[in-house]
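Inspection log for the structure reproduced underneath, given as structure tokens.
Read the figures in this text as sums done on the coordinates, not as results from a lab. Being a predicted model, the structure only gives us computed values, none of them experimental. When we count neighbours, we look across all protein chains shown, and the Cβ atoms used for this are built from the backbone with ideal geometry, even at glycine.
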Amino acid sequence: MLETVNRIWRSGYRDLFAQTIIYIAVAFVCVVFIWILSDLIRGGIAHISWDFLIESPRDAGRAGGIGSILVSTLLLLLVALVVALPLAWTTAILLAEYVPVTSKFGITVRYSLQVLAGVPSIVFGLFGNAFFSIYLGLGFSILSGGLTLACMLLPILVSTAEAGLRALPDSYRLSAAALGLSRSATLFQLLLPAAAPTLAAGLLLGIGRALAETAALLFTSGYVERMPGSLLDSGRALALHIFDLSMNVPGGDAPANASALVLVALLLGINIFAMKLAYGLQRKRII
Amino acid sequence: MTDRLLRWVLRIGAITSALIMLLILFFLLLESWPALQQITLTRFFTDPSWHPLEAAYNLLPMLSGTLYASIGALLLAIPLGIASALFIVYYAPPHLALLYQRLIELLAGIPSVVFGFWGLITLVPLINQLHPPGASLLAGILILTLMILPTITLTAHAALLAVPDEFQRGAVALGLSRWGVIRGVMLPAARTGIVAGIILAAGRAIGETMAVLMVTGNVVQHATSLYDPIRTLAANIALEMAYAMGDHRGVLFVSGLLLMLLVMLLSGMAATLSNKHHA
Amino acid sequence: MFSSKRSAFWIAILVLIGFACLVPGVAAAQKLVLTGSSTIAPLVGEFARRFESLNQGVRVDVQTGGSSRGMNDTRNKIANIGMVSRAMKANESDLHAFTIALDGVGIILHINNPVTSLSKQQVIDIYSGKITNWQAVGGKNARITVVNKAEGRSTLELFLAYFGMKNSAIKPHIIIGDNQQGIKTIAGNVNAIGYVSIGAAEHAAGYRVPIKLIALDGHEASVANVRNGSFPLSRPLNLITASIPQGLTKDFITFSRSQQVHDLIEAQYFVPVSDD
């Protein structure tokens, strides 16, 4: 009798101890998150205004705003998506609808994309510099930066789109077949529209990833902070702007902080929107 | 007719996507080839130091820097991450669990350059007061911890959810306490998934560039304490790539190749683990 | 379902419009790309702005990364003109160099550091790790944080050559790239020592960045001493090209060496070279 009570007591202590540790860990994570966010907001909010968002940077970024940087970022994004989306979605459709899961071809493609997903962004930067900037002669330009980003985005766009298509119930395909629809008609009239929310969510996640990227752009799209005149001009992405201001510009902390706040706000917005569209996909990006 | 056309378009798209990986490998090899012919492999480990302009190419100090920083970050992030996952699955009331989970997911959305910036203006000065110069291995470890914490938490969470309900019910029926159930049944059952997540996080830590570059001081040396500055392989590429020429440039591509192989190895391990898990 | 389909359609339309706007831009502008020394980049950036305002439809992009990058990019034809902040070496005769200004390299400390002068030997001892505390050179009792430049920077080469050191003999605590990063690092750390372009340092001090240039072996590190040649650590700032400059490249180099930019050179605390 006494023995049992003793054991319960001991396991009760252990339970309590484990629970305390876990609560402390969670509290710690929350505190750090709030610390970072409040630092960013406190340091940046005073600097943000409408003018900051539309003006070009002056005096190495100490004065002026981030207008031209935002334009460059947008152009980088456009190039990346225009190249990556068709490739990614055709790949995903093929993998999800046309080849069996166990086919050699499917496994090879999937494996290659999986490896691509793990490649560090600085390695993409090396590749982009060697291939797009020098071998193809695009130099430091938005085009070569965007193409490098496209390679980076491919795995996440494929895997989200494939998951979205796979999640559609088979009854869709069967009933379409029973109605005598051709496979392409089934795809365009039924499956793609039905999977549109997840496709859009994957797109948003890709955008988020591209916006956050710095290392891959360092040696491909370059550093020039002016308004780009064409896709062959160098353009500085927002993340790179934060890097440059905080590392290389004395007195650049305040605008760096404001730029960081803009970037984080954009990304949080995009991520929350993507979560709303298709919940499970957000995890796919992280895991 | 359109069906066949479509099939071809799809196939071409998929083949192109698959080829990009090969293209990257090919170009990394192509660029490192001249250097690899000039410099024997052993020199990367036996040269006196890393001074490319004096033709000394010892990669070991940066390899050690990379490993110290990644291992340190893992040591911190694994307990924090698993505790977070346990909190979400077993300890928190439902609405709080969801809130905390969203918070972790948002943490994952903060770009590395922002973590680096925060480290630079907040952490580095703090550490500097403790023990100059501030930019150090410790700062790198702390920033990396924040960056890989979401990966570990969310993979552990998924692995815990994937454990069949009967396990838990059976354990509870045996009269085990909550912690007893978790430690004795749930964690062992979810082990493969959790380990796969940790391997994935390790890959991310090894490849991280900008945040680490901003806070570690970038001195090429074997760290003897947490307060010593270090340089990681990835940071080295970002720092020196801009002006590297000839063999130096080649060696940077070699280190890029090395990074890529390391990460491929890790993600291969994670993939086999989670495949086994699902099978 | 329908609304997201429609939004996808709108995204596609926007993308197309974006491209349509950009395509003409690709063909129109005449462009020059300059890369290289972070010492020269701010100056040439000012040149570029004036040059663009004088020549309609011309665009001049300036990027930093160090003198070696300037040479590298010029040889690889990624850049039209490279910026190199030191005299050319014998084995670089394949490149054509054009000096646009003179500059010096000075030792900088935080403004609250009481030390005002160091001898050549003291600097060597600090950088080689023999002196690790400011007390040994007449400062406060605090550990010295040694800031060194990354390899491939000509400021580093000049520094090493003058002090007769090898980079492998230096025991740094922080490695920096650009001049500005050096200035920023010193401004944020009272016990740090570093060396940067005198022009960049004086320009930053003009912006109230808390740093100061100190005398070296009794020579005041100032623009005036660089001008009269009495400061020992000085260097030419060069523009380089891979072949004999022609067309726009030639126009820009001629412009950079003309009287038209002397005010810009002086505003950045460099010394214009007299026309020769």
Completion exercise
Under 5 Å from the placed amide H of residue B:51, counting only residues 5+ away or on other chains, we find B:56, B:57, B:58
Problem - Dipole-positive endmost among B:91, B:116, B:139 within the protein assembly as shown (Cβ charges, Cα centre) - result: B:91
Exercise for the section: Let me know the volume per residue of the alpha-carbon convex hull for region A:50-286, in Å³. Expected result: 134
Handout entry: Over the protein assembly as shown: helical MRE at 222 nm, DSSP H runs n ≥ 4 each giving -39500 (n - 2.57), nearest 500
Key = -19500 deg cm²/dmol
Completion exercise
Quick shape summary for region B:121-279, equivalent ellipsoid via Cα gyration tensor, semi-axes whole Å in descending order, reads 39, 22, 10
Exercise for the section: Averaging sequence separations of C-alpha pairs under 8 Å and six or more residues apart, then dividing by the length of region A:123-197, give the relative contact order as a whole percent. Expected result: 23
Exercise for the section: Choose one of B:52, B:129, B:264: the residue whose Cα lies farthest towards the positive end of the charge dipole of chain B (beta-carbon charges +1 Lys, Arg; -1 Asp, Glu; about the Cα centre). Expected result: B:264
Handout entry: Cα-based reach from residue A:104 at 23 Å (exclusive), listing lysines while leaving out same-chain residues under 8 positions away
Key = B:276
Problem - DSSP-defined antiparallel bridges as percent of all bridges, the protein assembly as shown, nearest 5 - result: 60
Practice task
Add +1 for every Lys or Arg and -1 for every Asp or Glu among the other residues with Cβ under 14 Å from the Cβ of residue C:225, and state the total.
Solution key: -2
Completion exercise
chain A, Gaussian network, Cα under 10 Å: of A:231, A:94, A:40, the residue fluctuating most is A:94
Fill in the blank from the handout: Kirkwood-based Rg/Rh on the Cα set of the protein assembly as shown evaluates to 1.00
Problem - Projected-area average for region A:160-287 over all orientations - Cα convex hull basis, square nanometres - result: 10.6
Handout entry: Charge dipole (debye, nearest 20) of the protein assembly as shown; +1 at Cβ of Lys and Arg, -1 at Cβ of Asp and Glu
Key = 1860
Problem - Pairwise centroid distance, computed over Cα atoms, of region A:150-213 with region A:34-64, Å - result: 38
Practice task
Please give the net charge around residue C:52, taking every other residue with its beta carbon less than 14 angstrom from that of residue C:52, where Lys and Arg add +1 and Asp and Glu add -1.
Solution key: +1
Problem - Alpha-carbon Debye profile of chain C, log10 I(q)/I(0) at 0.08 Å⁻¹ - result: -0.40
Problem - Residue (of C:191, C:226, C:236) at the positive-pole extreme of region C:178-247, dipole from beta-carbon charges - result: C:191
Exercise for the section: Quick one: compute the contact order of chain B, relative version, from alpha carbon pairs under 8 angstrom and 6+ residues apart, as a percent. Expected result: 27
Completion exercise
Taking every alpha carbon pair in region A:158-217 and sorting the distances into 10 angstrom bins from 0 up to the bin holding the longest one, the percent per bin comes out as 22, 39, 22, 11, 5, 0
Exercise for the section: Calculate how steeply helix B:60-86 sits against the longest principal axis of the alpha-carbon atoms of chain B, using the helix alpha-carbon long axis, and give the answer as 0 to 90 degrees to the nearest 10. Expected result: 10
Exercise for the section: Can you tell me what the convex hull of the Cα atoms of chain B projects to on average, as an area in nm²? Expected result: 20.8
Completion exercise
Here the net charge surrounding residue A:127, from other residues whose Cβ is less than 15 Å away from its Cβ (Lys, Arg +1; Asp, Glu -1), is -1
Fill in the blank from the handout: Phi-derived 3J(HN,Hα) across region C:158-168 with the Karplus relation (6.51, -1.76, 1.60, θ = phi - 60°), rounded Hz, x for Gly and Pro, is 5, 4, 4, 4, 5, 8, x, 10, 9, 4, 5
Fill in the blank from the handout: With N residues in region B:204-248, Rg(alpha-carbon) / (2.2 N^0.38 Å) equals 1.21
Practice task
Output ³J(HN,Hα) for region B:190-201: one whole-Hz value per residue in order, computed from phi by the Karplus curve 6.51 cos²θ - 1.76 cosθ + 1.60 with θ = phi - 60°, and x for Gly and Pro.
Solution key: 8, 4, 4, x, 5, 5, 4, x, 5, 5, 4, 5
Practice task
State the dimensionless ratio Rg/Rh of region C:158-276 (Rg: radius of gyration of Cα atoms; Rh: Kirkwood radius).
Solution key: 1.01
Exercise for the section: Mind pulling the per residue volume of the convex hull built on the Cα atoms of region C:103-228? Å³ is fine. Expected result: 93
Exercise for the section: Give the distance, in whole Å, between the Cα centre of region B:62-130 and the Cα centre of region C:128-197. Expected result: 33
